[in-house]
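S.K.: Below: one structure in structure tokens.
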Amino acid sequence: MTIPTFRVEIAEKIAEYRKETGLSQRAFGRLIGVSAPAVCKWEKGVCLPDVASLPLLARILGCKTDDFFVENGGPRH
């Protein structure tokens, strides 16, 4: 039995979905309680949001928490 591995795409997905919703980094940060520079760092992959905040991020961005991850070898969205 092979256990699938996943690639984290949080940085790319946060930026993509945030732009699709028309939110600035500042507005998005205010909704989740962080600064615009923190959002910028997430989108650049310098650091990542706390895993416990992923459900809130997904709800605000209109996606599923699974959308932040892609199975290695699988298609990218």
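Each value in this text was obtained by applying a stated rule to the coordinates, not by laboratory testing. The structure displayed is predicted, hence computed values, not measured ones. FYI the Cβ positions are ideal-geometry reconstructions off the backbone, even for glycines, and counts take in every protein chain you see.
S.K.: Just to check your reading of the model, which residue among V70, V39, V51 is among the aliphatic types (A, V, I, L, M) and in contact with a His (Cβ under 9 Å, 6 or more places away or on another chain)?
M.R.: Step by step, each of V70, V39, V51 is checked, and only V70 is among the aliphatic types (A, V, I, L, M) and in contact with a His (Cβ under 9 Å, 6 or more places away or on another chain).
S.K.: Search the range 46-70 for residues that are over 17 Å from S35 (Cα atoms) and without any contact (Cβ under 8 Å) to a residue 12 or more places away in the chain and pair each with any residue that is in a loop (DSSP other than H, G, I, E, B) and not hydrophobic (A, V, I, L, M, F, W, C) when their beta-carbon atoms are under 7 Å apart and the residues are at least 6 apart or on different chains.
M.R.: If the second residue must be in a loop (DSSP other than H, G, I, E, B) and not hydrophobic (A, V, I, L, M, F, W, C), the pairs left are A58/K64.
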